[in-house]
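Scroll down for the structure; my scribbles are underneath it.
The values are calculated or read from the model by the stated rules, or taken from the named source; none is laboratory data. Quantities reported herein were computed from a predicted structural model and do not represent experimental measurements. Every residue, glycine as well, gets a Cβ built from its backbone with ideal geometry; the counts of neighbours run over all protein chains shown.
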């Protein structure tokens, strides 16, 4: 389903010391540092797999998701999702995927959520029957019936996130990218979201790639984890591979970060 | 095509709900219109022979300009779009199976149309009730009105295309404010937003009329008041068509270039 080979992406970041003098100096001469966000990563993910993509802040997780979803062009390397190169065939590619960026919103802020859904129906040219079926299924499982008529700006974060997830699935995507879907959610909403993702994967065979800092997410969802740090893949295996029994999952992962010095 | 209609519909419906903004805009535009007409009347009274338009035509020009400000000013380009680019929510827009330029163009056109619809009806009614030479007069004849309508549509198409170029530049500059400020200032002046183009010195006016900015509000407003007619009118309408095509082409070229390099910053 997903093949990634030797993907590289470098960003140019402007840097300077603190202070007014330095700011004036930066007017004339700016120093840039090259950050290797992705430094040759490779992995492959099969149909219907559920993979947790973890790593410390700044490891390159979001960059990977952005490349996989076709909104960022890498410097070099190969990547295909369902046989297509995302950044080369953006429009055909995005029809087959669903994306949730936990830190951003895709709902129209000032109109009821259902209007955003209706618009997505047109954008993805979802047949009326499919749309109706998916909407009623998502409404039921995510418990949206009361909130879809509310403008997005008046929803709580948890309610909005449930709507965001529903919005990403209306067009039956084969692959779902979740970039920190549980960030900022309370315990109840977190459980609901996790439960839903699990069901979706089981019932529809949707391939799910999930990035998160919440290790309980990983514990609950991902059978396979890919650990990335400083732009490289450090580990690709199952949760049991890294567990040494007994201790808390957060400690296990912290230990792992320490071991790889990331 | 259906998806673009859906975009237009939703953005239009959304625009209609901003009642307070429309009311505020309306009050402001009445005040501005009245002030402008009084100022021009003072010029007119000083030396009527040096006045390049008739006073009733001038008043109609100002009232129409104020009523249609939301449709025809570069200023009402889509702030939402700029915010999206600045905040990075644009990431979602790039995950949609539609052409980014087309989608945003339609959205902006819809927000202009809905905003203008809310404002223009009350503004036009009140302006028409004001007695001559200070009110809005009827167009000289039906044919003139039809030319006005055609030119109005073209003006909206051109001004939206200008706004889109500004948006595409925003991809480059991180903050939208600078480009926007400059674009609004230039476009306002050269489209006759501050002083109608007939008041410009002859040579300056001739050059200004060739610019894309003149292909916006300048043409329809002057056709309506009868100031612009005959061969000159046809020439300026043809120029509007040319700028519509050219600016959309430039915008799409920028889209193609920018999307290759876009980096959505932040986690």
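Residues in region A:214-223 that are crowded, with 18+ Cβ neighbours inside 10 Å and in contact with a strand residue (DSSP E or B) (Cβ under 9 Å, 6 or more places away or on another chain): A:215, A:217, A:218, A:221, A:222. Scanning region A:105-116 for residues that are in contact with a strand residue (DSSP E or B) (Cβ under 7 Å, 6 or more places away or on another chain) and more than 8 Å from chain B (Cβ to nearest Cβ) yields a single hit, A:112.
For region A:117-145, a tally of residues being part of a loop (DSSP other than H, G, I, E, B), more than 13 Å from chain B (Cβ to nearest Cβ) and modelled with pLDDT of 90 or more returns 2. If you scan region A:169-203, which residues turn out to be assigned to a loop (DSSP other than H, G, I, E, B) and either closer than 17 Å to residue A:135 by Cα or touching a residue at least 40 places away in the same chain (Cβ under 8 Å) (or both)? Hits for region A:169-203 are A:170, A:171, A:172, A:173, A:174, A:180, A:181, A:182, A:183, A:184. When B:106, B:121 are checked against the criterion of being in a helix (DSSP H, G or I), away from chain A (no Cβ under 14 Å) and more than 14 Å from the chain's Cα centre (by Cα), a single residue qualifies: B:121.
Among the conditions (1) under 30 Å from residue B:135 (Cβ atoms); (2) in contact with a helix residue (DSSP H, G or I) (Cβ under 6 Å, 6 or more places away or on another chain); (3) surrounded by fewer than 21 Cβ atoms within 10 Å (Cβ to Cβ); (4) at pLDDT below 90, residue B:229 misses just one, which is (2). Set side by side, the residues A:92, A:59 differ, and just one is within 14 Å of chain B (Cβ to nearest Cβ) and either farther than 25 Å from residue A:235 by Cβ or not in a loop (DSSP other than H, G, I, E, B) (or both), which is A:92. When region B:13-31 is filtered for residues that are within 11 Å of another protein chain (Cβ to nearest Cβ) and surrounded by 19 or more Cβ atoms within 10 Å (Cβ to Cβ), the ones remaining, listed by number, are B:14, B:15. Only a single criterion out of (1) closer than 21 Å to residue B:155 by Cβ; (2) within 13 Å of chain A (Cβ to nearest Cβ); (3) not in a helix (DSSP H, G or I) is not satisfied by residue B:136, namely (2). For the criterion of being within 14 Å of chain A (Cβ to nearest Cβ) and buried (at least 16 other Cβ atoms within 10 Å of the Cβ), residue B:68 fails. On the stretch given as region A:146-160, residues that are outside any helix (DSSP H, G or I) and in contact (Cβ under 8 Å) with a residue 40 or more places away in the chain total 2. Against the definition (surrounded by fewer than 23 Cβ atoms within 10 Å (Cβ to Cβ) and either within 14 Å of chain A (Cβ to nearest Cβ) or assigned to a helix (DSSP H, G or I) (or both)), how does residue B:96 come out, yes or no? Judged against the criteria, residue B:96 is a match. Regarding region B:49-58, can at least one residue be identified that is more than 14 Å from chain A (Cβ to nearest Cβ), under 26 Å from residue B:167 (Cα atoms), surrounded by 21 or more Cβ atoms within 10 Å (Cβ to Cβ) and out of contact with any strand residue (DSSP E or B) (no Cβ under 8 Å at 6 or more places or on another chain)? No, because not a single residue in region B:49-58 is more than 14 Å from chain A (Cβ to nearest Cβ), under 26 Å from residue B:167 (Cα atoms), surrounded by 21 or more Cβ atoms within 10 Å (Cβ to Cβ) and out of contact with any strand residue (DSSP E or B) (no Cβ under 8 Å at 6 or more places or on another chain). Inside region A:198-209, residues that are closer than 20 Å to residue A:61 by Cα and out of contact with any helix residue (DSSP H, G or I) (no Cβ under 6 Å at 6 or more places or on another chain) make up a count of 2. Comparison of A:98, A:77, A:46, A:52 shows that the only residue that is more than 14 Å from every other protein chain (Cβ to nearest Cβ), buried (at least 21 other Cβ atoms within 10 Å of the Cβ) and closer than 26 Å to residue B:96 by Cα is A:52.
Scanning region A:224-255 for residues that are assigned to a helix (DSSP H, G or I) and surrounded by fewer than 19 Cβ atoms within 10 Å (Cβ to Cβ) turns up A:239, A:240, A:241, A:242, A:249, A:250, A:251, A:252, A:254, A:255.
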